[in-house]
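Encoded as structure tokens, the structure appears first; notes follow it.
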Amino acid sequence: MTLPWHLYLMAVIYCVAGLNHFRNPRLYVKIIPPYLPNPKALNTISGLAEIILGIALMIPTLTNSAAWGVIALLIAVFPTHVYMYQNPTARMGLPLWALILRMPLQLVLIFWAYQYTLL
């Protein structure tokens, strides 16, 4: 089975994003809501999840499961977007309009991943 190019694009995006969790962990730890336990561990877990899911997306026998994993991950990290919007110290210098757009963008990313659950 030949996978579409846009699936590889998605996979690379998640791998790069996951690697960035280790390249700049303070950036990610800062946006984890304080009501969640152990932000450093959550950063490591989410970074590893992005890398593993990105790689798994490119393996035809794992694509479907990896796409569902991406959807679950996007839902799991949604509270960080709300927290960033509500707390000026977590905004990473982004304007409010960009923080507002990030929330519905999650739905677009979920829809994009959902396309690969149908392969």
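The values are calculated or read from the model by the stated rules, or taken from the named source; none is laboratory data. As the structure is a prediction and not an experimental result, all values here were calculated from the model. Methodologically, a virtual Cβ is constructed for each residue, glycine included, from the backbone with ideal geometry; neighbour enumeration extends over all protein chains shown. These area figures cover heavy atoms from the full protein model, side chains too; ligands, DNA and RNA do not enter into them. Shrake-Rupley method; radii C 1.70, N 1.55, O 1.52, S 1.80 Å.
By the helix-only formula, in which each DSSP H run with n ≥ 4 contributes -39500 (n - 2.57) and the sum is divided by residues, the chain has a 222 nm mean residue ellipticity of -23000 deg cm²/dmol.
Separation of the range 59-119 and the range 20-38, taken as the distance between their Cα centroids, equals 16 angstrom.
Net charge near TYR85: determine it from the other residues with C-beta under 9 Å of the C-beta of TYR85, scoring Lys and Arg +1 and Asp and Glu -1. Result for the local shell: +2.
Dividing the Cα radius of gyration of the range 56-119 by its Kirkwood radius returns 1.11 for Rg/Rh. Placing a label point 7 Å from the Cα of LEU27 along the Cα-to-Cβ line, the residues of the range 52-94 whose backbone N sits under 15 Å from it are 90-94.
With protein chains left intact and a 1.4 Å probe, residues in the chain average 60 Å² of accessible area per residue.
The C-alpha atoms of the chain define a longest principal axis, and helix 39-57 lies at about 20 degrees to it. Multiplying the residue separation of GLN115 and ASN64 by 0.36 nm and subtracting their alpha-carbon distance yields 17.4 nm.
Taking the C-alpha atoms only, the angle from helix 96-114 to the longest principal axis of the chain is near 20 degrees.
Can you tell me the 0 to 90 degree angle between the C-alpha axis of helix 5-23 and the longest principal axis of the chain, rounded to 10? Tilt relative to the chain: about 40 degrees. Relative contact order of the chain, taken over Cα pairs closer than 8 Å and 6 or more residues apart, is 28 percent.
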